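Notes for the one structure printed next.
The values are calculated or read from the model by the stated rules, or taken from the named source; none is laboratory data. Predicted, not measured: the structure shown is a model, and the values here were computed from it. Every residue, glycine among them, receives a Cβ derived from its backbone with ideal geometry; neighbour counts consider all protein chains shown. Just so you know, the surface numbers come from the protein's heavy atoms only, side chains and all, with ligands and any DNA or RNA stripped out. Shrake-Rupley method; radii C 1.70, N 1.55, O 1.52, S 1.80 Å.
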Amino acid sequence: MRWLIDEGIPKSVVNWLCERGDNVFDVAQSDYRGEPDEALWRLAGRERRVVVTRDLGFLWPSLSPAPTGVVLIRAPDGWQARQILVLIQDGLRRMDAGSLDGNVTVIQPGSVRQRPLAEISGP
C-alpha cells in the first residue's frame, strides 16, 4: 500500500505502516512539511497514494490529480498517539485494503464508514 501521512498523524502510525512493508511518505519528515493541503493532495495524486489525515479541511476533490483515497481519522482531541495508532490499526483491519481506492474512509471510535470521493465537496 502507498500512503501519504499528514502532519497531524502520530509517528507511531508511520512506523507501524513501514513495519508492515507499506510505502509511506511522512509529510512531517519531508520537505513538504508546512506545505498547503492542496500541494499535498496533488502530490498524493501524482504518486498514487492514500492520504491519512485528521484534517477535515483536507478534501479537495475538484483538484487533480486526486489521491487514490483518503482515510480521515476522527479521534477525540485529548487522545494520545498510542490510542490513535490502535484506532487506525483496528479500522484498517476491519476492511479490505482495496476498498480504500476511490473512497473517503472515516475511522472513528466504534465505527468505520466510507463514501465515494467523487461525492465529497471540498473547501
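Checking Arg54 against (1) under 19 Å from Arg115 (Cα atoms); (2) touching a Pro at 6+ places or on another chain (Cβ under 9 Å), which test does it fail? Just one mismatch for Arg54, condition (2). Could you tell me which residue of region 63-82 is nearest to the chain's Cα centre (by Cα), considering only residues that are over 16 Å from Ser111 (Cβ atoms) and of a type outside the set (Gly, Ala, Ser)? Result: Val70.
When region 48-63 is filtered for residues that are assigned to a loop (DSSP other than H, G, I, E, B), open to solvent by 60 Å² or more (accessible area, probe 1.4 Å) and either in contact with a His (Cβ under 7 Å, 6 or more places away or on another chain) or closer than 26 Å to Gln89 by Cα (or both), the ones remaining, listed by number, are Arg48, Arg54.
Scanning region 1-15 for residues that are open to solvent by 30 Å² or more (accessible area, probe 1.4 Å) and either closer than 20 Å to Asp101 by Cβ or hydrophobic (A, V, I, L, M, F, W, C) (or both) gives Met1, Arg2. The set of residues in region 65-119 being surrounded by fewer than 16 Cβ atoms within 10 Å (Cβ to Cβ), touching a strand residue (DSSP E or B) at 6+ places or on another chain (Cβ under 7 Å), in contact (Cβ under 8 Å) with a residue 24 or more places away in the chain and under 17 Å from Arg49 (Cβ atoms) consists of Asp101, Gly102. The single residue among Ala66, Ala28 that is out of contact with any Cys (no Cβ under 7 Å at 6 or more places or on another chain) and part of a loop (DSSP other than H, G, I, E, B) turns out to be Ala66.
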